[in-house]
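What follows is a single structure, written as structure tokens, with notes after it.
The values are calculated or read from the model by the stated rules, or taken from the named source; none is laboratory data. Since the model is a prediction, treat every value here as computed from it, not as a measurement. Cβ atoms come from the backbone with ideal geometry, glycine included; neighbour counts cover every protein chain shown.
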Amino acid sequence: MSTPYNFAFLDENTKRMLRRALLKAVAIPGYQVPFGSREMPLPYGWGTGGIQVTAALLGPDDVLKVIDQGADDTTNAVNIRRFFGRVAGVATTERTADASVIQTRHRIPEIPLREDQLLVFQVPEPEPLRTLEPREAETRTMHALADYGLMHVKLYEDIAQYGHIATSYDYPVMVDGRYLTSPSPIPKFDNPKLDRSPALMLFGAGREKRLYAIPPYTRVESLAFDDHPFEIQRWEHHCALCGAGDSYLDEVVVDDRGTRMFVCSDTDYCSQRRDDATEEAA
Amino acid sequence: MYVAVKGGERAIARSLELLAEARRGDTAVPELELAQIRQQLRLGVARVMQEGSLYDEDLAALAIRQAAGDMQEAIFLLRAYRTTLPRFGYSEPLATQAMRVRRRVSGTFKDVPGGQVLGPTYDYTQRLLEFGASAASNTVEADEPLATTMPRVLDLLDAEALIERIDPGSDPEPTDLTRDPLMFPADRATRLQNLARGDEGFLLGMAYSTQRGYAESHPFAGEIRMGEVDVLICPEELGFAIEIGEITLTECQMINQFHGGNGVPPQFTRGYGLSMGEGERKAMAMALVDRSLRCDELGEPAYAPAQNQEFVLSHSDNVEASGFVQHLKLPHYVDFQAELSLLRTLAAQQRKAAGTEALA
Amino acid sequence: MMLAAFTHPVFDSQRNFRELLQAMARPASPRTLPVLAPAPVPATPAAMAILLTLCDTSTSVWLQQADEALSQHLRFHTGCGLVQTPVEADFALITDPTTMPPLDTFALGDPRYPDRSASLIVQVEAFHANTGPRFAGPGIRDVERVRIDGLPERFWRERVALASRLPLGIDLYFVAAQNILALPRTTRQLED
């Protein structure tokens, strides 16, 4: 299909700007690189940062997977996949294992990623300190000085008040022991997958005009205290469809009496497990 | 048996069909032509060009039609298109003092050289709905020809050294906010660029707040002028400027009282607003907010929202704001689930604690 | 006569970028650049390929040996600005490492903006994986060993001295024939 637009929508100057910024982001793990975010044909807050990163990465040989909430079939994931199908003509897949580039919102796939895969996160608010300090001039200085006392105080106050750190998603991490970083609004269940990941992870915040990266095999620690170690969510249930007991579960209301059922949020993981089970049975 | 929801692709396709149908409406009614929009909705076109940061009346008209008259959607369409346009160069600074003026008013002097020129304004229309077809337009003859050049009102004060001097030659090379991210603190040229692209409604509210005590601004409308200005570029290979066309602009220069401070003597100070097409409300609001954001430079106490540059500049853009406010309708069920489980844990703890107390 | 640049600018740049990205993400590990570009001396085709992939009108480049044909070639194909002093450079092309300026003469970035720092493209004789000095840091699972031929002795001392300035620093791309190898500022050379 011919379109009046360049391959992957962005012009080459814009791609070069993004690529230079991405290389600096990788060279300074967890540091937010300002970049000349462009106005994309999808709204800010709907993945424009991730889309720009993906556009800077994609080539004709790539196989792209896009997930939102862990699912390939949520409307915004479908729309972003449709966009790249249209402006780059790349192959797309729903299978994590088959993808060379995975763009995600709010989840990390359950099956471990490989060295030859790239994970691109959509980030609404790249600054982990923003809710504690709205002024960018101040938070920049805190990062420069590695002064993260404000965050530690917040977490400590949580413990004093609730007996817990009351953050369940977008749980802050320290990258390579230097920069306090937002993992994007993934549930803290996914935080351990960030630590020493074989795959390079790239983060794009379009509206806030920042990029950052976590290189492979990089130390990523979720903030915690010695007497309050970091813990992930656990369920009493298994997935009602595939029986998985190790995946992040969505709670689904199935009738008007409020009956609940729990199913995998990672739809590819769930369907692969069910396919495998069917094969074994046959 | 529960089946995971599928069919996002098909749902989107159907939604697009419904949208196309709703946008077009009854096909017995002729579709709007772009020339009609460009001519008869020219103020809407001007706003879309201004906040879309692209001076092209035809594209703005197309965007308004495609957006079914939703101005912010039309602005968004134009911005997204603009991203794909190559940049051939930068124009020379526009010479608004050489504007071919069609409207020019000053609130600070009863009369000024060149006169007060009302031009095509809604100001004195009395806002009575005019039922029936609008009167066929006739060519309006001017009572007397307008002066070919009109000195800017503020230049008259400048001659008397009563108003702060500005030396455009000393301005640093401005950053281009469509290419480089906004950084804080932002200099005045960058702030003005942001305000120029900013949402008219947001700026209007901010400007209004400065008049109601949230920042002491004491403004006077020194001059508002609207008309046509030549656009010049200076290609490197030529070495001299050539005219590539003209655009319609509205410029507002506010005059603000200033008692001195931060090493600056008592004098009038300036607030500046500029808008593509006829955009007087926007230009005036912009000028007021420009002035309030100069508080640091002039040593004024900063306590009001309209004096806080991070607050104003980070929230002025309606494409950013609209996207982020509306992204809340995207699924968030993974994070919601995380919050649910946290809340259940906290509630269980509280019940347990209450039970322990009751026993004790 | 002016030499050509990439045959397929969009796709050649993209393929090279992906290798550069992996090189930076997996330091001290040699990779192969997929597409080279004709280069006037003293630049090599691999160094030119990196410059064409990353540089344009918004980039400042410093050439250690600002040969006229090379300068013209770069300006024509990328539109980049050529700067006179190392400290102004976003990218610097080192064509003779033995006489290169000290590393701290390049921009190291600002504490609030450490990304405003130089990237150096250093043409070396060769590199040999799995032998020589050991490196560790982000991107490296355990340790990587690599020996880089053609660098002056002082180079490593200067680089170690910069480590105390982290997260300020400079990022290095070494090229030899068709191979590249990156050393970001965070990669530490381990004591033997």
So, residue A:73, is that one more than 11 Å from chain B (Cβ to nearest Cβ) and surrounded by fewer than 22 Cβ atoms within 10 Å (Cβ to Cβ) or not? no
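Does residue A:95 satisfy the criteria of being more than 8 Å from chain B (Cβ to nearest Cβ), among the basic types (Lys, Arg), in contact with a helix residue (DSSP H, G or I) (Cβ under 7 Å, 6 or more places away or on another chain) and free of Cβ contacts under 8 Å to residues at least 12 places away in the same chain?
Working: more than 8 Å from chain B (Cβ to nearest Cβ): yes; among the basic types (Lys, Arg): yes; in contact with a helix residue (DSSP H, G or I) (Cβ under 7 Å, 6 or more places away or on another chain): yes; free of Cβ contacts under 8 Å to residues at least 12 places away in the same chain: no.
No.
Take residue B:85 and tell me if it is within 12 Å of chain A (Cβ to nearest Cβ), within 30 Å of residue C:58 (Cα to Cα) and under 18 Å from the mean Cα position of the chain (by Cα). Explain how you work it out, then say what you get.
Numbers: within 12 Å of chain A (Cβ to nearest Cβ): yes; within 30 Å of residue C:58 (Cα to Cα): yes; under 18 Å from the mean Cα position of the chain (by Cα): no.
Spelling it out, it is not the case that residue B:85 is within 12 Å of chain A (Cβ to nearest Cβ), within 30 Å of residue C:58 (Cα to Cα) and under 18 Å from the mean Cα position of the chain (by Cα).
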Checking residue C:10 against (1) under 16 Å from the mean Cα position of the chain (by Cα); (2) within 11 Å of another protein chain (Cβ to nearest Cβ), the condition it does not meet: (1)
Give the residues of the stretch B:298-322 that are surrounded by fewer than 18 Cβ atoms within 10 Å (Cβ to Cβ), in contact (Cβ under 8 Å) with a residue 24 or more places away in the chain and at the interface with chain A (Cβ under 10 Å from one of its Cβ atoms), sorted by residue number. B:310
Every residue in the stretch A:183-241 that is within 26 Å of residue A:20 (Cα to Cα), within 14 Å of chain B (Cβ to nearest Cβ) and either over 17 Å from the mean Cα position of the chain (by Cα) or of a type in the set (D, E, K, R) (or both), please. A:207, A:208, A:209, A:210
Would you pick out the residues in the stretch B:323-338 that are at the interface with chain A (Cβ under 7 Å from one of its Cβ atoms) and either in contact with a helix residue (DSSP H, G or I) (Cβ under 6 Å, 6 or more places away or on another chain) or crowded, with 16+ Cβ neighbours inside 10 Å (or both)? B:323, B:324, B:327, B:330, B:331, B:333, B:334, B:335, B:337, B:338
Return the residues of the stretch A:30-66 that are more than 19 Å from residue A:96 (Cα to Cα) and acidic (Asp, Glu); say none if nothing qualifies. A:39
Give the residues of the stretch A:113-134 that are within 14 Å of chain C (Cβ to nearest Cβ) and either on the phi > 0 side of the Ramachandran plot or surrounded by fewer than 16 Cβ atoms within 10 Å (Cβ to Cβ) (or both), sorted by residue number. A:114, A:115, A:116
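Does the stretch C:41-55 hold any residues that are more than 12 Å from chain A (Cβ to nearest Cβ) and either modelled with pLDDT under 95 or crowded, with 24+ Cβ neighbours inside 10 Å (or both), and which are they? Steps first, please.
The initial filter retains those residues of the stretch C:41-55 that are more than 12 Å from chain A (Cβ to nearest Cβ), namely C:41-49.
Matches in the stretch C:41-55: C:41, C:43, C:46, C:47, C:48, C:49.
Of these, C:158, C:125, C:88, C:144, which one is in contact (Cβ under 8 Å) with a residue 24 or more places away in the chain, more than 18 Å from the chain's Cα centre (by Cα) and more than 9 Å from every other protein chain (Cβ to nearest Cβ)? Reasoning before the result, please.
Working: C:158 fails: more than 18 Å from the chain's Cα centre (by Cα); C:125 fails: more than 18 Å from the chain's Cα centre (by Cα); C:88 fails: more than 18 Å from the chain's Cα centre (by Cα).
Step by step, each of C:158, C:125, C:88, C:144 is checked, and only C:144 is in contact (Cβ under 8 Å) with a residue 24 or more places away in the chain, more than 18 Å from the chain's Cα centre (by Cα) and more than 9 Å from every other protein chain (Cβ to nearest Cβ).
Filter the helices (runs of 4 or more DSSP H) completely within the stretch B:145-224 down to those with at least 3 residues that are within 14 Å of chain A (Cβ to nearest Cβ). Explain how you work it out, then say what you get.
Working: elements: B:153-159, B:188-197, B:200-211.
It comes to B:188-197.
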Here the qualifying pairs (Cβ atoms under 7 Å; residues six or more apart or on different chains; first in the stretch A:163-182 and within 14 Å of chain B (Cβ to nearest Cβ) and in contact (Cβ under 8 Å) with a residue 60 or more places away in the chain; second of a type in the set (Val, Ile, Thr) and part of a loop (DSSP other than H, G, I, E, B)) come out as A:169/A:186
Run down C:17, C:76, C:11 and say which single residue is surrounded by fewer than 17 Cβ atoms within 10 Å (Cβ to Cβ) and either among the acidic types (Asp, Glu) or without any contact (Cβ under 8 Å) to a residue 60 or more places away in the chain (or both). C:11
Within the bounds of the stretch A:5-16, is there any residue that is among the aliphatic types (A, V, I, L, M) and under 19 Å from the mean Cα position of the chain (by Cα)? no
Restricting the stretch A:22-38 to residues that are facing chain B (nearest Cβ under 10 Å) and buried (at least 24 other Cβ atoms within 10 Å of the Cβ), the residue that is farthest from residue C:79 (Cα to Cα): A:33
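Which fully enclosed strands (runs of 3 or more DSSP E) of the stretch C:117-176 have 1 or more residues being surrounded by 14 or more Cβ atoms within 10 Å (Cβ to Cβ) and basic (Lys, Arg)?
Values: elements: C:119-123, C:126-136, C:144-149, C:171-176.
The strands (runs of 3 or more DSSP E) meeting that bar are C:126-136, C:144-149.
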Keeping to the stretch C:91-112, report how many residues are of a type in the set (D, E, K, R), farther than 20 Å from residue C:45 by Cα and either loosely packed, with under 15 Cβ neighbours inside 10 Å or without any contact (Cβ under 8 Å) to a residue 12 or more places away in the chain (or both). 2
Search the stretch B:61-73 for residues being crowded, with 24+ Cβ neighbours inside 10 Å and farther than 23 Å from residue A:14 by Cβ, and hand back the single one that is farthest from the other protein chains (Cβ to nearest Cβ). B:61
